[in-house]
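Written out below as structure tokens is the structure these notes cover.
The values are calculated or read from the model by the stated rules, or taken from the named source; none is laboratory data. Just so you know, these numbers come straight off a predicted model, no measurement behind them. Every residue, glycine among them, receives a Cβ derived from its backbone with ideal geometry; neighbour counts consider all protein chains shown. Keep in mind that these areas ignore ligands, DNA and RNA; they rest on the heavy atoms of the full protein, side chains included. Shrake-Rupley method; radii C 1.70, N 1.55, O 1.52, S 1.80 Å.
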Amino acid sequence: MTKSWTEIGLKKEWSEKPGLELRFIAMKMLHYSKMMLTCVLFFIIYCSVGVYGDIEMDYHGPVTGILTKNVKIPCSFRVIPDQPINSAKVIWWKDQAYSGSLLYQCVRNSDLSGNCTKSTGRFSFGGNLPERNIALWISNVTQSDAGLYFCRIELEEKVNWFTSQGITLNVKAMLGALGAVLGIVLFVNLYVLASFCRRVAATNSSEDADNVYHNFPRRADLDGIYMNARKTTPTSK
């Protein structure tokens, strides 16, 4: 391997001044120490300033809620590149973002304190922030809850934030179980009615067969035959 003129000059100078080599090694160690210290400081600053990447909201389709029941409106996001979340603020509006009805908002601090465990009326936090889930939980759904919902996530004191597109909530009455019960009741009524009609038809048929012998013109010498035939003919009970 060819040595540079600088290395050759240093070797020659070291041979003339023995203490110079130690001084060079010490300067090199000091240089590497400064580089390592810079890396450590950069890592500390990176961890302290929080999220610096982009936020992307996931798309969610319409949600259906049942009257008087509970429903969860989903909202999730991604941080690119993925990184820990120290503190965040969650906001939910109805009908319109920013200018619509403010339904719910909460804050989670870096020390895990905050008010995201509390509810505001029928609305509460139904997600999990470390899992990038900031869903809204609505209890005792009413017809007026139907409409568009908008969620917003703010990370690290508004350094990064994003608002979702509208998420539709449709509200319906609980007709599934009620429809099944009504269907069973209707089937039973139809069965009873059909049985009654069959019984009436069988009774009329028996009476018509018995009246044949009463209306048939008889002679005195055929009375015995008629009576014997009537005994063997089934009559209505």
Sorted on mean Cβ neighbours within 10 Å (highest first), peptides 76-87, 111-122 come out as 76-87, 111-122
Cα extents of the range 63-176 per principal axis, largest first, Å, are 45, 25, 24
Note, the range 121-126: 3J(HN,Hα) by Karplus (6.51, -1.76, 1.60, θ = phi - 60°), whole Hz, Gly/Pro = x, goes x, 8, 10, 8, 6, x
For N160, the residues 5 or more places away or on another chain with a placed amide H closer than 5 Å to its own amide H are L155
Sorted by chain and then number, the residues having a modelled amide H within less than 5 Å of the amide H of C75, at least 5 places away or on another chain, are I134, A135, L136
The simple spin-label model distance between V200 and D58, using points 7 Å out along Cα→Cβ, in nm, is 6.2 nm
The range 110-164, convex hull of Cα, quarter of hull surface, nm² -> 4.6 nm²
Once all protein chains are kept in place, F196 shows an accessible area at probe 1.4 Å, nearest 10 Å², of 130 Å²
